1. Which distances, shortest first and in nm, link D:LYS230 to the matching position in the other copies, using label points set 7 Å out along Cα to C-beta?
2. Could you sort F:34-45, C:136-147, D:150-161 so that the peptide with the highest average Cβ count within 10 Å comes first and the rest follow in order?
3. With both bridge residues required to lie in the protein assembly as shown, what share of the DSSP beta bridges run antiparallel, to the nearest 5%?
4. Just checking the output field for D:204-214: average partner chain Cβ neighbours within 10 Å of each residue's Cβ?
5. Per-residue mean of other chain beta-carbon atoms within 10 angstrom of the beta-carbon, peptide F:99-111?
6. Could you tell me which of rounded, prolate or oblate describes the range A:122-166, using a ≥ b ≥ c as the square roots of the eigenvalues of the alpha-carbon gyration tensor, with rounded for a/c under 1.5 and, failing that, prolate when a/b is larger than b/c and oblate otherwise?
7. Could you work out how far the C-alpha centroid of the range E:76-140 sits from that of the range A:141-175, in angstrom?
8. Can you run phi through the Karplus equation (6.51, -1.76, 1.60; θ = phi - 60°) for the range D:72-82 and list ³J(HN,Hα) in whole Hz, with x for Gly and Pro?
6 protein chains.
Amino acid sequence: MTELSSETRDRLMVVSTATLATILFKRGLRSQFIQGVPRLTSRPLKMVGPAFTLRYIPAREDIDTIEVFRDPEHPQRKAIETVPPGHVLVMDCRGDHSAASAGGILATRAMIRGCAGIVTDGGLRDADEIAELDMPTYCAARSAPTNLTRHHAVDLNVPIGCGTAPVFPGDIMVGDGDGVIVLPRGIADEVALEGFNQDKLESFVLDEIRKGAPLRGTYPPNEETLKRFKATLGDTGSGSGAI
Amino acid sequence: MTELSSETRDRLMVVSTATLATILFKRGLRSQFIQGVPRLTSRPLKMVGPAFTLRYIPAREDIDTIEVFRDPEHPQRKAIETVPPGHVLVMDCRGDHSAASAGGILATRAMIRGCAGIVTDGGLRDADEIAELDMPTYCAARSAPTNLTRHHAVDLNVPIGCGTAPVFPGDIMVGDGDGVIVLPRGIADEVALEGFNQDKLESFVLDEIRKGAPLRGTYPPNEETLKRFKATLGDTGSGSGAI
Amino acid sequence: MTELSSETRDRLMVVSTATLATILFKRGLRSQFIQGVPRLTSRPLKMVGPAFTLRYIPAREDIDTIEVFRDPEHPQRKAIETVPPGHVLVMDCRGDHSAASAGGILATRAMIRGCAGIVTDGGLRDADEIAELDMPTYCAARSAPTNLTRHHAVDLNVPIGCGTAPVFPGDIMVGDGDGVIVLPRGIADEVALEGFNQDKLESFVLDEIRKGAPLRGTYPPNEETLKRFKATLGDTGSGSGAI
Amino acid sequence: MTELSSETRDRLMVVSTATLATILFKRGLRSQFIQGVPRLTSRPLKMVGPAFTLRYIPAREDIDTIEVFRDPEHPQRKAIETVPPGHVLVMDCRGDHSAASAGGILATRAMIRGCAGIVTDGGLRDADEIAELDMPTYCAARSAPTNLTRHHAVDLNVPIGCGTAPVFPGDIMVGDGDGVIVLPRGIADEVALEGFNQDKLESFVLDEIRKGAPLRGTYPPNEETLKRFKATLGDTGSGSGAI
Amino acid sequence: MTELSSETRDRLMVVSTATLATILFKRGLRSQFIQGVPRLTSRPLKMVGPAFTLRYIPAREDIDTIEVFRDPEHPQRKAIETVPPGHVLVMDCRGDHSAASAGGILATRAMIRGCAGIVTDGGLRDADEIAELDMPTYCAARSAPTNLTRHHAVDLNVPIGCGTAPVFPGDIMVGDGDGVIVLPRGIADEVALEGFNQDKLESFVLDEIRKGAPLRGTYPPNEETLKRFKATLGDTGSGSGAI
Amino acid sequence: MTELSSETRDRLMVVSTATLATILFKRGLRSQFIQGVPRLTSRPLKMVGPAFTLRYIPAREDIDTIEVFRDPEHPQRKAIETVPPGHVLVMDCRGDHSAASAGGILATRAMIRGCAGIVTDGGLRDADEIAELDMPTYCAARSAPTNLTRHHAVDLNVPIGCGTAPVFPGDIMVGDGDGVIVLPRGIADEVALEGFNQDKLESFVLDEIRKGAPLRGTYPPNEETLKRFKATLGDTGSGSGAI
């Protein structure tokens, strides 16, 4: 798998998930937004990074005992210690948020290791604490019970479902105030570029709207609006052909 | 349809939805509160205005393509451009918040045009941005996907359902921190007056409670409490007969 | 029933619900966390106190009329006036949050009377107001309709269910940013002690993690980490044997 | 509490729950139908009888162990042995059907004792067996786990909620192929009479419709249709005045 | 709108909804199956016919009183009396099956008038009776309460949503044991033909599978299997080119 | 993995899932019943066999196209062709039954190959047909859409979740009219024996109950009842010591 280029990462850091959703929609991809997993982080941190996945199945009482954490190879603990810097840890909890999938200590360790964010369709515990970390986090609910109560960690870095979206390892996760969207790895670069240009246009349009322009002719833009937009691009304007 | 009088609007700007819910309950109306649609706006803006409605049905992939927005007569776009100033745009998304029903540009345009608020039992995208507008908004969830992903706009200004409540065009929408309630147009003036007086009483009662008064005799108020309340009304007191 | 000792209360005021959940899990108790009932209070107030319960069944239109509040023996009103100081009022609304179970006046009266908190798996109305009280509150949703719309109050201080957890009168309710957990009365003192010690250890561990320590050997702690932890306890260290 | 008269019982044995729902609706009672609890019984047995209630709260692992059944005073077992002949056993499981609330042996014992039916918003186990009993049963789901897995029996013959409907001991439970409806005890006799007459009329109307009559004038019936209906009543016709 | 040709109707009478779903899927239509609305009819009657729609919004207590049925123009009653013979009556109840959308008398009248079926994402009352009619019916649940309890009828023959699927008047509704699927009117003829041919092939394949053929080469069929299939078609074989 | 012995299989063919659920409950296993997955098969076929698993994640439109079935290595098709005779095919669809996970042709092929049953928390299509097979099947719903609409098959024979229960390959699946329960492989033999003996006792108890015996002393049985039960065992009685 090729790395996420810094160019694509930089573009995605300023593109909204709304814009990305529309670009994926135009390509026939309608199910890449992670439903039911809002931002926990209290500040509007943007999240971008390739997915590193952890899969849980329902817990079984006889094997999911507190002792399992003594094993450093336990998949949840291993996920925290092996998620590559710059990657986003994405957890499949089958949408069951009646227990946590991680807590404050693990989230902090992930942050220290350079993890770019945590996304889970289960719960997170120590949520007040995690909400203040310098790493964006998204979860289905705040939930105090330990993951062992409901979740049995089985796999690292396999394809998973998260909040009804498919997530393949290496897919690019992008998060903002609307939530998290999954960019298939193979089209992430082009989607990022198209989104970057589209968002510049949308900023211009929003500015026009704020000044009193009507939707007609402005959004979507007609030829004249596009011409005025291009004029604002100045020497960086070359990318606008992709809009 | 008669206009919403400024007197009624002024009264409703200071009456809580809780008080209005009780007044409707006393009239046998139990289903006018819009369930599952909390305030998105970050500040405690109050919302009052007649309903202007937009109805969506589920999207169909072959007709709900990105090109539809080129048509200025597309019902969603037309709703934004025709919602009368002072009115609230209310959208029926059948409670499906897996896609947005509007985004930052459209919400901004509505605000600029004088729209008094937006209420949707679907999602809103660019939610961080919309939350900071000087126009109150209420939605079922933050959701990045474009409305075309799930919603096909069909009608303007027909009776709709929104979050299990019936909404007829012209009904008076009132929103605060508890959510949104729908006042049937025909009784809005009298409900507003009764609510206005009731809220004055409730403020007095709350004050008494804060000073240590027990519920008995204070809430609901007995004769003596009512007498002391009326004494506080002074020259504005005439309306208290309605309590 | 024996009182909640100030020692236990003090300990629980600093122990997280996450830690308590794990301690209960180790004792085989997996269902004591109240699902779906997040904190309403805007500041991070901690909640500790014995449960005083109020049970609702579904409302019946002919008997749940506005007049019932004229009766000071109405169970909801009586609950507010009789919840003992330091206790938490816990309400069973069968998870139906389409109506409120209390509002601003009642919550204020409870606070004035020394109530330690309110927990309900129904709604709360006047939520902006209640969120600012100096008493922690937890509810399933903000909801304007009066309780009579859906809820008929029947019993005080009987065993109830709240958000899928069993709550017996006198059980110790503990709430923080993750939500609320129920400590069975008979084991509350020992759980509080164990939790208190465990949380001191977790604080130490978190500090180590922040300094860059890996999970292995630190969390869960090995002999060496425990030794260093015990060294930090100094003269307060005696309790660490319980960890 | 007065007994259910055999006259009322006989009438209710031939009145549909649909007709009863409409009669209650006309009296302002909209929530008496038990939602989500279909008939389990394989044959179309009709059910009529006063409610005898059993209340469950969520189970707690330390007290809900298999040994509790050794105690003949355990509320579930006691309910089976004390439900009066002719009564319907109604169970409040908070709508949680992930475990059973009774099984084949207990249901058989209830039937032998003369129980008129079982209604539960939890599960029933040994469902194939129970479906063939000569006693009508209604449950939210077939579910193998023992009640102890989720349900802790606490009370007999207190007001409960069942499937969102309020059920007071002594209320008259009526069940058919549409499900179960709850008649408040105080109005059961008059509702039964009105329903009995209404159903005779509806049978006449259905017959007319089968012969090709249009809805207009037939349903609801106009004067002429009513006249023809009354003519069919012959010597039993006196009750038709209540229609 | 052009009529449904008898040729297309005849083809659809023998094509499964499963086959039709796959054909729509191949055209990019993924949301045409009506979720959560199983067959009520006890016998395996097939349903085919153009949609005639009825739209409900949530009921309002002051206007949805029993008297409304005196008006023969009430949309629900008018729907029953005007649904054209051979058409399917499709009702939008916003997925709320806590009340009925029709009962035995109305369903019988519709059948007598030649209605080809009833589909509703609300409830049906008198369900035992309706299940035995010679007209296929599909509903979300059996439900005794009258439609007025939850549903206010507003429109005839407008686009609606039913069970998350879009339904436009004139779309072809097809129902079997798997449920109901909606064929957009414009492509119904070609989908019917393709489905007819596909189902002939699937019958052949199923026969091969029953005789022990493996999936590989049989399903999907390879050249050789297709050749043998075509040989079975004999003089009717011309249509197989569409497979 | 050791095979399922014919002795254990024979015992499980006559033990109810209710009895097995109680035996697992006594061992602390409370989550082994597969919630929300009722029997589809129209006759009361019993199901017993080791689990062979298939894991789906959410579909992605660009890779889940109809062409994938051309590949005989597609996991769904491979599952059907490789499930060992006597095994039960268990599918993890994340509880999403809005699309099928298999249809009539595949289910028939599985039956022909000796598959002991199919269990899925997704849908099944061609359900009328599958319901009549001589192989027991269990699914969350009847659903016409092809699996590609929602489900992307990824893995064979890995641990999965099915209807909130954990399923490890080789676990013993047992199904009857109450649904399906999962016996962990390691304890299946002893649970089968205990269940077999327990069910003999329950049959005896049921017989006593039918003759009029009260619960007390009969269920659970006291010494005297047990003595009489043992007397009925005659020469097969040796196993009763396990009760």
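1. 5.3, 7.6, 7.6, 8.5, 9.7
2. C:136-147, D:150-161, F:34-45
3. So the antiparallel bridges amount to about 55 percent of the total.
4. Working: counts 0, 4, 7, 1, 2, 9, 5, 1, 3, 2, 7.
Shielding by partners across D:204-214 averages 4.
5. Details: counts 5, 5, 0, 0, 9, 6, 11, 3, 1, 5, 11, 2, 2.
Counting Cβ atoms of other protein chains within 10 Å of each residue's Cβ and averaging gives 5.
6. oblate
7. So the two Cα centres are separated by 43 Å.
8. x, 8, 4, x, 5, 5, 5, 4, 5, 8, 10
Just so you know, all these numbers are worked out from the coordinates, no wet-lab data involved. Just so it is clear, the structure is predicted and the values come from calculations on it, not from any experiment. Ideal geometry is used to build each Cβ from the backbone, glycine not excepted, and the neighbour counts take in all protein chains shown.
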